[in-house]
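One structure is given here, and the rest of the page talks about it.
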Amino acid sequence: MCAAPLVLRADNADGDKERLACPDGHWTHWDNPLPVLAALVEIEGRILLARNAAWPATNFALITGFMERGETPEQGIARELKEETNLDADHIALIGVYEFIRKNELIIAYHVRASGQISLSPELVEFRLVAPERLKPWRAGTGYAMADWMRARGLPVEFIDWGTAAPAPITPNTENT
């Protein structure tokens, strides 16, 4: 508001937590976590995992994206699914809510039964369709959502380290045009 450079200062109302703020008290940067939507996508009994163009060849994960103004989380995950894979969300059920402190995000994860022909957006370069019993979750936000979904179905959970192995030892699907 006053164009003064922001400084770190103690927020006395919040246990002296330091926040970026105007030195004269005109404005505070709260830096609250962003809501991120995640979909564990089931299509014809298998789970769709995709690889972002910026990730190593072994890293596949759930479909994710940011919620937009004016949409519910369910509308947002259906939109993200359509934008990133061209699939239609036929049924959406909440798995849970997960912290992702490293990126200052709050993940709202859904199980989405989907239909249609997979066609990846430019940000995704490859996908795999994995039998649910062959999934290997990772120890971070969306991996915990996958593990919870598996446990709810009585499937054994075996965590992997992110980036050290593919989620399942299968050949990548080449129908990702």
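The values are calculated or read from the model by the stated rules, or taken from the named source; none is laboratory data. This structure is a prediction, so every number in the text was calculated from the model and none was measured. Glycine also receives a Cβ, built like all others from the backbone with ideal geometry; neighbour counts cover every protein chain displayed.
Couple of notes before you dig in:
- Options ALA114, ALA109: the member that is within 14 Å of the chain's Cα centre (by Cα), surrounded by 20 or more Cβ atoms within 10 Å (Cβ to Cβ) and on the phi < 0 side of the Ramachandran plot: ALA109
- Strands (runs of 3 or more DSSP E) completely within segment 2-77 that count 1 or more residues being in contact with a strand residue (DSSP E or B) (Cβ under 9 Å, 6 or more places away or on another chain) and free of Cβ contacts under 8 Å to residues at least 40 places away in the same chain: 7-11, 17-21, 63-66
- Selected residue (only one of ASN59, ASN32 is polar (S, T, N, Q) and either out of contact with any Phe, Trp or Tyr (no Cβ under 8 Å at 6 or more places or on another chain) or within 23 Å of SER115 (Cβ to Cβ) (or both)): ASN32
- ALA147 vs. criteria touching a Phe, Trp or Tyr at 6+ places or on another chain (Cβ under 9 Å), surrounded by 20 or more Cβ atoms within 10 Å (Cβ to Cβ), modelled with pLDDT of 95 or more and over 16 Å from THR64 (Cα atoms): yes
- Residues in segment 117-134 that are under 17 Å from the mean Cα position of the chain (by Cα) and closer than 15 Å to ARG46 by Cα: PHE127, ARG128.
- Options GLU99, GLU133: the member that is assigned to a strand (DSSP E or B) and of a type in the set (D, E, K, R): GLU99
Matching residues to (1) surrounded by 11 or more Cβ atoms within 10 Å (Cβ to Cβ); (2) of a type outside the set (Val, Ile, Thr):
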| site | (1), (2) |
| --- | --- |
| MET1 | no, yes |
| GLU18 | yes, yes |
| THR28 | yes, no |
| ASP31 | no, yes |
| LEU37 | yes, yes |
| ALA61 | yes, yes |
| GLY76 | yes, yes |
